[in-house]
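Colleague: Before I ask anything, let me first share the structure, which is written out below as structure tokens.
The values are calculated or read from the model by the stated rules, or taken from the named source; none is laboratory data. It should be emphasised that the depicted structure is a prediction, and the values quoted were computed from it without experimental measurement. For neighbour counting, all protein chains shown are included, and Cβ atoms are generated from backbone atoms with ideal geometry for every residue, glycine included. Surface areas here come from the heavy atoms of the whole protein model, side chains and all, with no ligands, DNA or RNA. Shrake-Rupley method; radii C 1.70, N 1.55, O 1.52, S 1.80 Å.
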Number of protein chains: 2
Amino acid sequence: MDNLANKEFNPLKLENQLCFTIYAASRLMTRQYQPYLDQLGITYPQYLVFLVLWEKDGIGVNEIGCKLYLNTNTLTPLLKRMEQLSFIKRTKCCQDERKVRIYLSEKGKNLKEEAKNIPLEMAKSLNCSVEKAMCLKNELEILINQMLK
Amino acid sequence: MDNLANKEFNPLKLENQLCFTIYAASRLMTRQYQPYLDQLGITYPQYLVFLVLWEKDGIGVNEIGCKLYLNTNTLTPLLKRMEQLSFIKRTKCCQDERKVRIYLSEKGKNLKEEAKNIPLEMAKSLNCSVEKAMCLKNELEILINQMLK
DNA sequence: TTAATTTGCATCGCAAGCGACATAAATAAG
DNA sequence: CTTATTTATGTCGCTTGCGATGCAAATTAA
């Protein structure tokens with residue numbers, strides 16, 4: 001980039017921060033989803049929990065946390081709210097009384113059908129092809145894997 | 001990608017979500033900064049405010065908000081905490097009594113020196129060259145600009 | 001000049017996130 | 001068998017983020 005070649009690179013400039021760009025993109029992305037999620041009556045983190053449960057129902061709190069990189073101190077209250085809204089059911093596991101299994105209710109299962117068009121509508125509104133999105137996703141995953149080390 | 005060509009693409013799979021990857025990257029990035037910011041006694045959003053103020057001191061709440069895409073209902077409490085920690089001073093503007101100008105204190109100015117190595121140390125710990133980071137940043141900015149429309 | 005509108009900041013309430021810590025069940029060590 | 005440790009989840013307190021709303025100063029319209 002001309003930027004790097006010609007002028008001195010100032011590492012403390014906001015415009016040179018990858019971290020801020022990711023932070024801003026994340027918040028704006030949540031905002032972008034909101035009108036769609038409002039229709040379903042759920043929040044963005046709740047949507048992520050649904051994505052996990054729609055793939056695999058009846059898993060534990062910790063397993064959800066592993067997939068979303070969230071700890072139980074975040075998930076427990078979140079799941080309780082989802083239970084309040086009768087999207088899920090939290091049940092103690094018989095074999096291991098410590099574990100709490102999370103099961104989708106009918107209402108929670110039915111939401112999948114209503115949500116199924118959201119990703120492609122989002123891609124459209126972002127003017128981003130699936131290929132381009134997956135490419136960007138892969139680059140970010142390299143970063144994520146570095147941070148998980 | 002083989003992925004796209006060979007199997008059916010399931011848009012509701014967590015692993016196919018760009019949005020989740022950005023969300024995860026953002027939280028992990030904040031976590032990655034934390035040991036460095038802890039040493040300075042500041043949080044990540046406060047660090048972003050510092051980046052803005054180190055570039056231009058004495059600006060209004062709204063101007064900070066424009067740069068960080070944050071509204072006053074987030075910034076006002078955040079700035080009050082920063083004032084409590086005596087990093088900044090909030091002063092009513094003479095010409096326009098509605099405006100509150102934010103000025104760095106000596107303590108706030110001195111922090112810049114202590115922070116100056118953070119970006120490059122982060123890049124190192126992320127195993128990410130400046131060029132690669134700026135490239136990824138540019139791609140994310142295209143997305144951001146779409147979302148700001 | 002007076003009234004209506006806009007602008008800049010703030011307050012309130014709520015949902016995340018997360019560090020620090022608590023608790024009970026399961027497991028391992030003695 | 002009893003004690004120590006680990007595991008799975010939960011509570012508490014704090015900072016963000018943000019929608020809805022409030023409010024006073026500034027600006028515009030009438």
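Colleague: Under the convention of a label 7 Å out along Cα→Cβ, give the distances in nm from A:LEU120 to the same position in every other copy, shortest first.
Modeller: Ordered by increasing distance: 4.9 nm.
Colleague: Give me the summed buried accessible area for the B-A pair, 1.4 Å probe, to the nearest 100 Å².
Modeller: Answer for the B-A pair: about 5800 Å² buried.
Colleague: Here is a further query. Determine the distance separating the Cα centre of the range B:19-57 from the Cα centre of the range A:13-89; give it in Å without decimals.
Modeller: First find each Cα centre; the distance between them is then 20 Å.
Colleague: Using DSSP H assignments, which helices in chain A have an axial alpha-carbon span of 27 Å or above and a mean Kyte-Doolittle hydropathy of 1.6 or higher?
Modeller: Span-like helices in chain A: none at all.
Colleague: Could you pull out the trypsin sites (Lys or Arg not before Pro) across the range A:57-100 that fall in loop regions by DSSP (anything but H, G, I, E, B) with no more than 11 other Cβ atoms inside 10 Å?
Modeller: A:ARG98
Colleague: Name the most mobile residue of A:TYR69, A:TYR103, A:TYR36, meaning the one with the largest mean-square fluctuation, in a Gaussian network model of chain A with Cα contacts below 10 Å.
Modeller: A:TYR69
Colleague: If you split all Cα-Cα distances of the range A:14-116 into 10 Å bins from zero, what percentages do you get per bin, shortest first?
Modeller: Each 10 Å bin holds this share of Cα pairs: 14, 43, 29, 11, 3, 0.
Colleague: While we're here: Based on the Cα gyration tensor of the range A:51-102, what are the three equivalent ellipsoid semi-axes, each the root of five times an eigenvalue, rounded to whole Å and given largest first?
Modeller: Each semi-axis is √(5λ); the values are 15, 14, 12 Å.
Colleague: Per residue, how large is the accessible surface of the range B:1-104? Use a 1.4 angstrom probe and give square angstrom.
Modeller: 53
Colleague: Let me ask another. Cα to Cα, under 17 Å, and not fewer than 8 places away if on the same chain: which aspartates and glutamates meet these conditions relative to A:LYS137?
Modeller: Of all the aspartates and glutamates, those that pass the test against A:LYS137 - Cα under 17 Å, at least 8 places apart if same chain - are B:ASP2, B:GLU15, B:GLU139, B:GLU141.
Colleague: Further question on the same structure: Determine the alpha carbon to alpha carbon distance for each of A:LYS149/B:LYS116; B:LYS67/B:LYS149; B:LYS67/B:LYS116; A:LYS112/B:LYS149; A:LYS13/B:LYS67 and list only those over 23 Å.
Modeller: In this structure, A:LYS149/B:LYS116; A:LYS112/B:LYS149 exceed 23 Å between Cα atoms.
Colleague: Please go through the range B:24-98 and write out the GluC sites (Glu not before Pro) that DSSP classes as loop and that have at most 11 other C-beta atoms within 10 Å.
Modeller: B:GLU97
Colleague: Using the Cα centre of the range A:72-124 as origin and beta-carbon charges of +1 (Lys, Arg) and -1 (Asp, Glu), tell me which of A:LEU120, A:GLN84, A:THR72 is placed farthest towards the positive end of the dipole.
Modeller: Farthest towards the positive end: A:THR72.
Colleague: Distances in nm, one decimal, shortest first, from A:ASN71 to the same residue in every other copy, taking the label point 7 angstrom along Cα→Cβ.
Modeller: Its label point is 2.9 nm from the equivalent points in the other copies.
Colleague: Modelling each spin label as a point 7 Å along the Cα-to-Cβ direction, I'd like the A:LYS92/B:GLN84 distance in nm, to one decimal.
Modeller: If labels sit at A:LYS92 and B:GLN84, their model points lie 3.9 nm apart.
Colleague: Follow-up question, since we're still on this one. Quick one: the Cα spread of the protein assembly as shown along its three principal axes, in angstroms, biggest first?
Modeller: So the extents along the principal axes, rounded to whole Å, are 61, 41, 37.
Colleague: Can you give the calculated 222 nm mean residue ellipticity of chain A, where each DSSP H run of n ≥ 4 adds -39,500 (n - 2.57) and the sum is split over every residue, rounded to the nearest 500 deg cm²/dmol?
Modeller: Computed ellipticity for chain A at 222 nm equals -20500 deg cm²/dmol.
Colleague: Now for a separate question. When chain A is turned about an axis onto chain B, which of its residues keeps its C-beta closest to that axis, and how many Å is it?
Modeller: A:SER26, 2
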